[in-house]
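Working notes for the structure below.
The values are calculated or read from the model by the stated rules, or taken from the named source; none is laboratory data. Treat the numbers as computed from the prediction; the structure is a model and nothing was measured. Every residue, glycine as well, gets a Cβ built from its backbone with ideal geometry; the counts of neighbours run over all protein chains shown.
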Amino acid sequence: MSLPLPATAAGPHHVRRDCRACGGGRLTQFVDLGPQPLANSLPRSPAEFATELFFPMGVYLCEDCGLVQLVDVIDPELLFRDYVYVTGTSDTIAAHNVGYARTVVQLLALTGKDLVVEVASNDGSLLSRFQTHGVRTLGVEPARNIAAIARAAGIETISEFFNEAAGPAIRASHGPAKVVIGNNVLAHVDEPVGFLRGAAALLEEDGLVITEVPYLREFVDRLEYDTVYHEHLCYFSVSALMRLAERAGLSIIRVDHVPVHGGSIRMYAAKRARHPQHAPAVQALAAAELADGLTTLSRFQRFATDVSRQREALRALLTRLKAEGRTVAGYGAPAKGNTQLNYCGITTDLMAWTVDKSPHKVGRYIPGTHQPILPAAELLARQPDYTVILAWNFAEEIMRQQAEYHARGGKFILPLPAPVIC
Ligand code: ZN
């Protein structure tokens, strides 16, 4: 089938050939989601549509270590210079942060003498929860506009990219850290081994590196292909995390399953000098992944077939609704929504507009497919017949908040893993 996708433009990116976890490894593409625009570069006006950049988006498996990854790497300055995801806007994440800080403070018995550094600290939402426990905090956030928001809220924040060299530099300026946190950032860096080495260098001898990443098992089981975007270079299994940690001089001592971003794992890693082995429970998780085929190409080829079927089903549904004269809108303008809309070729003829709660997104447009992003209140004001929940990881929260829309006869479409109307 032919889809109304724009042509790929050349741009500031390079293609990586070696596996990010094991260094060697055979990288085999199992699904092609591109070309895709930059998911977090939301046009401010239709005048910007013509100059949008599109890049390839093939997803690859390392057949040696099982790391799923992209090989097309976009210049971080281009990706993150005007980043619009602000964590503080979600109730779900706010509740998650309260529990996160409590867990870590209790685990390490943190006191006012201890320093917690968070890399990719965004607007400081999580660090502010550590501050309520009296712990010292430092944020590291490359997006200058978002770092400024954190500083205004009283969270000391350095605006730079974190890498192998940054760990010792921050240790020199602020002292060693008891905890280095990096949530949804390890997957975003082109050199995750260097990133973890930098984090380890910043740690006190008995400190922990704690990082949350979306879990590959959920990605595969729930067909979460829309969580692929250019910022998101790796899709981690526990097996691949173990390889990474070892190369950075760390052992994984604990893994928690956490229900954010479609199912994530939180890895707790300690210096190998103190913990020479990964914990038995962690090794058991890796063994289960192997037994379930989560690191083998055939499983990912089946995933690719299912992804293609979902595209056909969603397009068929929206095309039928259009033929019946129904109105269709979206809810949310998350990066994942952009991937799905562009991969499925859902332009404004099939979904006219979307809404979002973030004031940073309202007034802008979805990259590539160009739906205008309206305030969330417009859903009730306009009452479309159907609303596709693009931010499906917040589906429960959204449907609760929009109960009135549903009560008036509006219907929600949950698009993944296969479109469902509710
Ligand atoms: Zn590998």
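Those residues that are of a type in the set (A, V, I, L, M) and not in a loop (DSSP other than H, G, I, E, B), I need them from region 44-81; list them, please.
Answer for region 44-81, where residues must be of a type in the set (A, V, I, L, M) and not in a loop (DSSP other than H, G, I, E, B): A47, A50, V59, L61, V68, L70, V73, I74, L78, L79.
Kindly indicate the residue of region 353-408 that is of a type in the set (G, A, S) and in contact with a Pro (Cβ under 7 Å, 6 or more places away or on another chain) and also surrounded by the most Cβ atoms within 10 Å (Cβ to Cβ) among those meeting that condition.
G368
Here is a list: V307, V255, V260. Which entry is more than 17 Å from the chain's Cα centre (by Cα), touching a residue at least 60 places away in the same chain (Cβ under 8 Å), surrounded by 15 or more Cβ atoms within 10 Å (Cβ to Cβ) and away from the ligand (no atom under 16 Å from the Cβ)?
The unique qualifying residue is V307.
Can you tell me which residues in region 8-61 are more than 21 Å from D306 (Cβ to Cβ) and within 16 Å of the ligand (Cβ to nearest atom)?
Within region 8-61, R16, R17, D18, C19, R20, A21, C22, G23, G24, G25, R26, L27 meet the criteria.
Go through I170, I158 for me and flag whichever is surrounded by fewer than 23 Cβ atoms within 10 Å (Cβ to Cβ) and either within 28 Å of Q106 (Cα to Cα) or touching a residue at least 60 places away in the same chain (Cβ under 8 Å) (or both). Can you show your working first?
On the way: I170 fails: surrounded by fewer than 23 Cβ atoms within 10 Å (Cβ to Cβ).
Every option except I158 fails the conditions.
Residues of region 182-208 being assigned to a helix (DSSP H, G or I) and of a type in the set (A, V, I, L, M), which ones?
Step one: filter region 182-208 for residues assigned to a helix (DSSP H, G or I), giving 186-188, 192-202.
L186, A187, V193, L196, A199, A200, A201, L202, listed by residue number.
L374 is checked against (1) outside any loop (DSSP other than H, G, I, E, B); (2) within 22 Å of V31 (Cα to Cα) and fails just one. What number does that condition carry?
L374 satisfies every listed condition except (2).
Going by the conditions given, is V238 surrounded by 14 or more Cβ atoms within 10 Å (Cβ to Cβ), within 22 Å of V179 (Cβ to Cβ) and free of Cβ contacts under 8 Å to residues at least 60 places away in the same chain?
The answer is yes for V238.
Would you mind telling me which numbered condition in (1) over 27 Å from V73 (Cβ atoms); (2) part of a helix (DSSP H, G or I); (3) touching a residue at least 24 places away in the same chain (Cβ under 8 Å) A288 fails?
Tallying (1) over 27 Å from V73 (Cβ atoms); (2) part of a helix (DSSP H, G or I); (3) touching a residue at least 24 places away in the same chain (Cβ under 8 Å), A288 fails exactly one: (3).
Could you check region 377-398 and list, in sequence order, the residues that are outside any strand (DSSP E or B) and over 22 Å from the mean Cα position of the chain (by Cα)?
Scanning region 377-398 gives A377, E378, L379, L380, A381, R382, Q383, P384, D385.
Provide a single number: the residues in region 127-161 that are at pLDDT 95 or above, within 16 Å of T211 (Cβ to Cβ) and within 22 Å of the chain's Cα centre (by Cα).
Count: 3.
At pLDDT 95 or above, away from the ligand (no atom under 16 Å from the Cβ), buried (at least 18 other Cβ atoms within 10 Å of the Cβ) and not hydrophobic (A, V, I, L, M, F, W, C) - does that describe any residue in region 106-120?
The answer is yes; a qualifying residue exists.
Return only the number of the condition from (1) assigned to a helix (DSSP H, G or I); (2) within 23 Å of T92 (Cβ to Cβ); (3) touching a Pro at 6+ places or on another chain (Cβ under 7 Å); (4) not aromatic (F, W, Y) that L223 does not satisfy.
Answer for L223: the failing condition is (1).
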